[in-house]
Amino acid sequence: GSQLSPELGSSGIEMLETDTFKLHCFQTLTGIKFVVLADPKQTGIDALLRKIYEIYSDFALKNPFYSLEMPIRCELFDQNLKLALEAAEKAGPFGPGS
């Protein structure tokens, strides 16, 4: 994405918008990318991506049994991710800030 961008110094795709969905991408300073597909009317996706990164940091990176680029097998990670996604869904397509 950064190589195809018409802007110099681009870090890559942050959001791709179509009529039926938006693809949001959050790239961390360490190069890990989180991608969310959402309804085009959904708000708060940037906050959701930051929350997912926080959950990843807390329950995967701090887990001594987790290896980078391996599937995350941690029940606490799954539970907290599910709670974050449910909270975003409850906010609805016209959540806070719209």
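For the stretch 2-91, the orientation-averaged shadow of the C-alpha convex hull comes to 7.0 nm² (one quarter of the hull surface). The loop-placed chymotrypsin sites (Phe, Trp or Tyr not before Pro) in the stretch 12-78, going by DSSP, that have at most 10 neighbouring Cβ atoms within 10 Å of their Cβ come out as Phe65. Sequence-distant contacts, meaning Cα pairs under 8 Å at least 6 residues apart, place the relative contact order of the stretch 2-91 at 17 percent.
Just so you know, all these numbers are worked out from the coordinates, no wet-lab data involved. Keep in mind the model is a prediction, meaning the values are calculated, not measured. When we count neighbours, we look across all protein chains shown, and the Cβ atoms used for this are built from the backbone with ideal geometry, even at glycine.
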